[in-house]
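Below: the structure, in structure tokens.
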Amino acid sequence: MQISVFDCVSPLDFRYYGQDEKLKALLAPYVTERARLASELKVEVAAVEVLAERGVCSQEVAEEVAVAAERVQPETVAEEEVRIKHNIRALVNVLRSQVSEQARPFIHLSLTSFDVIDTAMAWRFKTCAHAVIIPELLELEQILIDLALREKDTLQMGRTHGQHAVPITFGFAICGHVSRLGRRIEAVQTAADGLRGKISGAVGAYNASSLFFEDPVEFERQVLAKLGLEPSVTSTQIVEPEPVCDFIHALISTFGVLADLADDMRHLQRTEIAEVGEMFEAEQVGSSTMPHKRNPWNFENVKSMWKTFVPRMVSVYADQLCEHQRDLSNSASGRFLPEIIVALVSTVQRMQRIMGKLVTDEERMAENFDLTGGMVAAEPAYILLAAHGHPDAHEAIRKLALEAQATGRPLGELLEESEKLQPYLEKFTSQQRELLRDPAKYTGIAAAKTQSVCDLWRERLGL
């Protein structure tokens with residue numbers, strides 16, 4: 001596929017973006033070089049519109065500039081940048097070449113480069129978050145909620161440190177990811193809404209705009225309002241870097257939730273566990289040499305993408321440092337931020353596909369539950385014995401558990417036969433005794449908790 005450099009992500013051709021037409025259609029207005037140029041033109045147009053509203057230029061000039069901005073092509077701006085070695089001045093020169101002599105003086109009037117660059121980036125990221133990132137995350141959240149509710153009563157062995165612990169349900173395991181993703185969705189929304197712009201000039205002191213206006217801060221506010229942004233409380237030549245830092249952190253930490261979920265799902269597909277599976281297509285091949293294999297490669301891809309992009313956060317933190325009013329130490333690293341958006345959205349869409357087709361094997365879950373021969377009864381047994389007055393219940397059950405492991409007999413049977421424990425067992429209710437005989441019932445409120453967590457996030461996220 002031939003892709004124009006101006007339709008690429010950041011300065012590079014990011015293959016996930018270039019090869020996926022759906023992804024490209026969603027993200028092209030926000031993450032490409034063409035999108036960057038268009039957003040910077042939006043800032044220039046907004047500034048001239050406010051100049052017209054304040055009587056500095058005519059309304060006709062503002063309209064002329066807005067129409068001319070639609071004609072500016074990235075190829076022309078790139079050629080001009082090669083000539084003069086300055087990106088924003090190249091954009092300004094090309095835009096000025098498209099308007100009358102009467103309109104030219106008002107383009108970029110009182111602005112500095114990073115009034116345009118930082119404000120445009122904030123607009124792109126905020127708009128992209130609300131138009132693409134959050135809707136895609138909400139779709140995945142709904143898929144996880146549906147899966148959790150579908151499986152809320154499906155018995156599964158709970159595990160800690162890779163070992164059998166006590167029973168849960170598979171839906172309960174999923175609802176933990178529902179909650180974690182829900183919080184990240186809220187974090188992305190909050191961080192996106194916290195992105196800020198600036199129209200405060202070369203060092204952030206409104207030097208240039210104060211030549212024209214007694215209220216340059218209000219001028220800034222009016223320009224940014226046209227773009228749906230609020231001004232940074234203070235700025236140098238650049239916007240305070242923390243809002244972008246917070247936004248990228250929200251994206252990267254969301255990536256972490258996806259990677260953790262993917263890890264769980266791929267480990268549950270191990271041959272010796274085999275409790276879940278990705279629905280394979282009829283012609284899908286799992287291995288180049290082993291026809292019987294069905295590798296969890298999609299989940300592995302999610303983990304791999306997380307490993308690729310989580311280190312990018314270090315660069316974002318490093319970009320908080322900018323000497324005095326401005327240096328260029330973030331000018332290269334900042335250009336790669338759109339790749340994080342593309343990587344996250346492509347990964348979310350992958351998780352939508354595979355989690356939406358996830359199949360569970362209840363029989364295998366039951367078999368795995370039985371592997372430890374009812375040893376999970378140890379926890380409720382010790383707690384109930386202690387509650388009924390046994391002076392050292394934990395040690396008593398520990399010894400009984402060792403006997404159960406050595407003999408292969410169910411712990412519940414040995415418990416019932418223990419003469420030393422009879423005085424305490426007689427105090428147990430019939431329901432408590434039944435729990436020891438059938439520890440599969442020892443799932444606490446897993447099903448109810450799954451329902452309540454899913455209901456909570458449906459309400460909070462408006463699903």
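A short reminder: the numbers here are calculations on the coordinates, not readings from a lab. Please read all numbers here as calculations on a predicted model, not as lab measurements. Backbone-built Cβ (ideal geometry, glycine too); neighbour counts: all protein chains shown.
Go ahead and run the numbers for FRET between Glu79 and Glu186, Cβ-Cβ distance against an R0 of 45 Å, rounding to 0.05. Could you put the intermediate results ahead of the total?
On the way: r = 44 Å, r/R0 = 0.98.
For R0 = 45 Å, the calculated efficiency reads 0.50.
Note down the net charge around Gly176, summing +1 for each Lys or Arg and -1 for each Asp or Glu among other residues with Cβ under 12 Å from its Cβ. Can you show the working numbers first?
Values: positive: Arg180, Arg183, Lys449; negative: Asp260, Asp264.
Combined, the nearby Lys, Arg, Asp and Glu give +1.
For a quick check: sort Leu41, Leu144, Leu371, Leu435 by the number of other beta carbons within 10 angstrom, fewest at the front. Before the final figure, lay out each step's value.
On the way: Leu41 23, Leu144 26, Leu371 10, Leu435 19.
Lowest to highest Cβ neighbour count: Leu371, Leu435, Leu41, Leu144.
Which order do Cys128, Cys175 fall in if you start with the one that has the fewest other Cβ atoms within 10 Å?
Details: Cys128 21, Cys175 28.
With the sparsest Cβ surroundings first, the list reads Cys128, Cys175.
Would you calculate, for the chain, the mean residue ellipticity at 222 nm contributed by helices, counting each DSSP H stretch of 4 or more residues as -39,500 (n - 2.57) and dividing by all residues, to the nearest 500?
Values: 21 runs with 274 residues, N = 463.
It lands at -19000 deg cm²/dmol.
Which FRET efficiency value, to the nearest 0.05, is calculated for Lys427 and Ser304 with the Förster distance at 41 angstrom and r the Cβ-Cβ distance? All intermediate terms of the calculation are to be shown ahead of the outcome.
Values: r = 55 Å, r/R0 = 1.34.
E(calc), rounded to 0.05, equals 0.15.
Decide, for segment 191-286, between rounded, prolate and oblate: order the square roots of the alpha carbon gyration tensor eigenvalues as a ≥ b ≥ c, take rounded if a/c falls under 1.5, and otherwise choose prolate if a/b is larger than b/c, else oblate. Working shown, then result.
Details: a/c = 5.53, a/b = 3.93, b/c = 1.41.
It is prolate, given that a/c is not under 1.5 and a/b is the larger ratio.
To the nearest 20 Debye, how big is the dipole of the chain about its Cα centre, given +1 on the beta carbon of each Lys and Arg and -1 on that of each Asp and Glu? Don't skip to the answer; put the middle values down first.
On the way: 49 positive and 67 negative charges, 94 e Å.
Dipole about the Cα centre, nearest 20: 460 debye.
Could you tell me the ratio Rg/Rh of the chain? Both radii from Cα atoms, Rh via Kirkwood. Could you put the intermediate results ahead of the total?
On the way: Rg = 30.1 Å, Rh = 26.1 Å.
Reported Rg/Rh, Kirkwood definition of Rh: 1.15.
What residues have an amide H closer than 5 Å to that of Val166, excluding those fewer than 5 places away on the same chain, when H is modeled at 1.01 Å from N in the peptide plane?
Placed amide hydrogens put Gly158 under 5 Å from Val166.
About the Cα centre, and with charges only on the beta carbon of Lys, Arg (+1) and Asp, Glu (-1), how big is the dipole of segment 372-441? Nearest 20 debye, please.
Details: 8 positive and 11 negative charges, 21 e Å.
Its charge dipole is roughly 100 debye.
Sort out for me the Cα centre separation of segment 375-401 from segment 411-453, rounded to whole Å.
Comparing the Cα centres of segment 375-401 and segment 411-453, I get a distance of 11 Å.
Suppose a student asked you for the relative contact order of the chain, using Cα pairs under 8 Å spaced at least 6 residues apart; what percent would you report? Walk me through the numbers before you get to the answer.
Numbers: 628 pairs, mean separation 81.5, N = 463.
Relative contact order of the chain: 18 percent.
Rg over Rh of segment 372-441, using C-alpha atoms and the Kirkwood radius, what does it come to? Walk me through the numbers on the way to the answer.
Working: Rg = 10.7 Å, Rh = 11.7 Å.
Radius of gyration over Kirkwood radius for segment 372-441 works out to 0.92.
For segment 25-184, rounded, prolate or oblate, judged on the Cα gyration tensor with a ≥ b ≥ c (square roots of eigenvalues), a/c < 1.5 rounded, else prolate if a/b > b/c? Present the calculation step by step, with values, prior to reporting the outcome.
Working: a/c = 4.28, a/b = 3.29, b/c = 1.30.
Cα axes put segment 25-184 in the prolate bin.
Please give the net charge around Asp115, taking every other residue with its beta carbon less than 9 angstrom from that of Asp115, where Lys and Arg add +1 and Asp and Glu add -1. It would help to have the intermediate numbers written out before the result.
Working: positive: Lys198; negative: Asp118, Glu220.
Net of charged neighbours comes to -1.
What GluC sites (Glu not before Pro) in segment 58-159 are in a loop by DSSP, with at most 11 other Cβ atoms within 10 Å of the Cβ?
On the way: sites: Glu60, Glu63, Glu64, Glu70, Glu75, Glu79, Glu80, Glu81, Glu101, Glu136, Glu139, Glu141, Glu151; in loops: Glu101, Glu151.
Sites meeting the loop and neighbour criteria: Glu101.
Give the relative contact order (percent, whole number) for segment 200-260; include only Cα pairs under 8 Å separated by 6+ residues.
Working: 38 pairs, mean separation 19.3, N = 61.
Rounded, it is 32 percent for segment 200-260.
For a quick check: with amide H placed at 1.01 Å from N, whose amide H comes under 5 Å from Glu230's, ignoring anything fewer than 5 positions away on the same chain?
Residues meeting the amide H criterion: Gly197.
Counting other Cβ atoms within 10 Å of each Cβ, which chymotrypsin sites (Phe, Trp or Tyr not before Pro) in segment 147-237 have at most 13 and sit in a DSSP loop? Present the calculation step by step, with values, prior to reporting the outcome.
Numbers: sites: Phe170, Phe172, Tyr206, Phe212, Phe213, Phe219; in loops: Tyr206, Phe212, Phe213.
When the chymotrypsin sites (Phe, Trp or Tyr not before Pro) of segment 147-237 are filtered for loop state and at most 13 Cβ neighbours within 10 Å, Phe212 remain.
Could you list Met351, Met279 so that the one with the fewest beta carbons within 10 Å of its beta carbon is first and the one with the most is last?
Working: Met351 26, Met279 12.
Listing Met351, Met279 from fewest to most nearby Cβ atoms yields Met279, Met351.
Express the relative contact order of segment 227-380 as a whole percentage, based on alpha carbon pairs under 8 Å and six or more residues apart in sequence. Please list the in-between numbers first.
Values: 113 pairs, mean separation 50.5, N = 154.
Normalised by residue count, the contact order of segment 227-380 is 33 percent.
Which GluC sites (Glu not before Pro) in segment 169-259 pass both tests, a DSSP loop state and at most 16 other beta-carbon atoms within 10 Å?
On the way: sites: Glu186, Glu214, Glu218, Glu220; in loops: Glu214.
Answer by residue number: Glu214.
Nothing charged except the Cβ atoms of Lys and Arg (+1) and of Asp and Glu (-1): what's the magnitude of the dipole of segment 120-247 about its Cα centre? Round to the nearest 20 debye. Intermediate results must be reported in sequence, preceding the final value.
Values: 12 positive and 16 negative charges, 79 e Å.
I would put it at about 380 debye.
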